[in-house]
Amino acid sequence: MMTSPDRQIFREVLAGLAAKTLTKIPALNGRVEKACKLVLGGDVELHPDGTALVNSLTDPTRAYQVTGTPGQCQCKDFEHAPEHLCCHRLAVGFQRKVQELLPAPLPPAAPLGEAPASVNVRIPLHGREVQVTLRDTDELRLLARLEELLQRYAPQLPASAQPPPPAEATPQCPQHGALKRSTKGKGWYCPGKMADGSWCQYKDKGH
């Protein structure tokens with residue numbers, strides 16, 4: 001279906017053709033008006049072989065076959081109309097001429113195809129989380145772009161979320177392994193026993 005601007009142009013072109021026809025053959029008055037009604041009503045069907053089928057204005061169950069050159073029509077008025085231009089032949093001529101004069105419609109835009117490689121990622125931007133879609137025709141190049149993006153917009157952790165400092169290393173006894181922290185003061189002591197059953201006297205007072 002035509003959009004409003006296209007429809008308006010169609011009507012203007014048709015009105016111009018009708019006016020020229022009446023100027024050339026005034027005796028066609030009445031038939032020209034009927035021909036315009038047939039064209040505007042979509043009652044003219046043009047065929048590739050040059051023929052056409054035109055619906056009747058008065059009988060919705062009837063249509064008239066209009067041949068090519070020389071144009072002939074099956075209606076009764078064909079023999080009586082000036083130059084055999086009945087309203088059906090006029091309608092076919094108007095329809096063809098309007099289609100020639102109107103600009104060709106633009107072809108529909110081709111849909112954008114899906115990129116061979118794509119990835120979605122969320123990044124922090126000015127205090128907000130934003131979703132970014134990267135597309136590329138090459139997977140390796142896409143991964144390189146993704147790595148660059150993630151490095152540029154690396155999230156900043158709040159102070160409460162910073163990783164804790166590394167734990168203090170536990171001093172070791174050469175014979176028994178890990179020492180225990182003294183509960184009586186600073187330093188570490190060895191909880192192991194010697195071969196004779198006595199407690200190990202190894203201590204570390206530097207921690």
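The residues in the range 111-122 that are at pLDDT 75 or above and touching a strand residue (DSSP E or B) at 6+ places or on another chain (Cβ under 6 Å) can be counted, and the count is 6.
Residues in the range 25-48 that are among the aliphatic types (A, V, I, L, M) and surrounded by fewer than 18 Cβ atoms within 10 Å (Cβ to Cβ): Ile25, Ala27, Leu40, Leu46.
Quick one: in the range 70-105, of everything that is within 46 Å of the chain's Cα centre (by Cα) and exposed (fewer than 12 other Cβ atoms within 10 Å of the Cβ), which residue is nearest to Thr58 (Cα to Cα)? Among those residues, the one meeting the criterion is Glu100.
If the condition is being open to solvent by less than 100 Å² (accessible area, probe 1.4 Å) and either among the basic types (Lys, Arg) or in contact with a helix residue (DSSP H, G or I) (Cβ under 7 Å, 6 or more places away or on another chain) (or both), then the range 56-69 contributes Leu57, Tyr64, Val66. Here are Arg11, Arg7: which of them is over 25 Å from Gln74 (Cα atoms) and in contact (Cβ under 8 Å) with a residue 24 or more places away in the chain? After applying the criteria, what remains is Arg11.
The values are calculated or read from the model by the stated rules, or taken from the named source; none is laboratory data. Every value quoted in this text rests on a predicted model; they were computed, and no experiment measured them. In this analysis, Cβ positions are derived from the backbone assuming ideal geometry, glycine residues included, and neighbour counts consider all displayed protein chains. Only protein heavy atoms, including side chains, enter the accessible area calculation; ligands, DNA and RNA are left aside. Shrake-Rupley method; radii C 1.70, N 1.55, O 1.52, S 1.80 Å.
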